[in-house]
Amino acid sequence: MPLTQLIYISTATADLEEGPLEAILEASVRHNRPQNVTGMLLYADGCFMQVLEGEPEAVEEAMARIRKDGRHRDILVLQSRAIDERSFSDWAMGFRRLNAQDKATPNYVPFFAYGHSAAKSADEADLARSLLRQFAETNR
Ligand SMILES: Cc1cc2nc3c(=O)[nH]c(=O)nc-3n(C[C@H](O)[C@H](O)[C@H](O)COP(=O)(O)O)c2cc1C
């Protein structure tokens, strides 16, 4: 069965506190789990980065819901590609709100320091994936 891995970045329409972030995560897990969609969501200073993995239709359906969501805007898909196996299989949706220490992580700056300003091209997909992987490792 072919799988799709999709990575996007977006901008929150308001700076979100714990409650609204938990609500996003709750809806994500509730929809993703039965569809066998897995992934990781990062949030820092009004910026989201998310990776979604699963059967192509399931990822497309999740993206259709995500695109309609008024809690974020300027959704930029950095990459959508076929994969043989998942790299983010641990969670229906893993989540990490990045903190001050995380700012020292390589590749943090182009994505999160200036509101995604330096990450306007799909060339950044490899950097985004490695950033997501690093935070997935420390989230276990
Ligand atoms: C940054 C962000 C990431 C989201 N990720 C997912 C996701 O992975 N899967 C999903 O089904 N919904 C996700 N959502 C939520 C959907 O946009 C939508 O609100 C939700 O699916 C609707 O759920 P409901 O059944 O409570 O109406 C996300 C929303 C935001 C803002």
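The values are calculated or read from the model by the stated rules, or taken from the named source; none is laboratory data. Being a predicted model, the structure only gives us computed values, none of them experimental. Cβ sites come from the backbone with ideal geometry, for glycine too, and all protein chains shown count toward neighbours.
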* **Identity of the residue in the range 3-53, of a type in the set (Val, Ile, Thr) and part of a helix (DSSP H, G or I), that ends up nearest to the ligand (Cβ to nearest atom)** => Ile24
* Structure fact -> For the range 1-33 the number of residues that are without any contact (Cβ under 8 Å) to a residue 60 or more places away in the chain, of a type in the set (A, V, I, L, M) and surrounded by fewer than 18 Cβ atoms within 10 Å (Cβ to Cβ) is 4
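For the subset of the range 34-64 comprising residues that are touching an Asp or Glu at 6+ places or on another chain (Cβ under 8 Å) and in contact (Cβ under 8 Å) with a residue 60 or more places away in the chain, which member is farthest from Leu98 (Cα to Cα)? Spell out the reasoning first.
First, the residues of the range 34-64 that are touching an Asp or Glu at 6+ places or on another chain (Cβ under 8 Å): 35-39, 44-46, 59.
After this cut, where a residue has to be in contact (Cβ under 8 Å) with a residue 60 or more places away in the chain as well, the list is 44-46.
On the way: Ala44: 5, Asp45: 8, Gly46: 11 Å.
My answer is Gly46.
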* Candidate set: the range 103-140, residues that are part of a helix (DSSP H, G or I), at pLDDT 85 or above and more than 16 Å from the chain's Cα centre (by Cα); chosen: the one surrounded by the most Cβ atoms within 10 Å (Cβ to Cβ) -> Lys103
* Structure fact -> Exception for Phe95 within (1) under 21 Å from Glu18 (Cα atoms); (2) not in a strand (DSSP E or B) falls at (2)
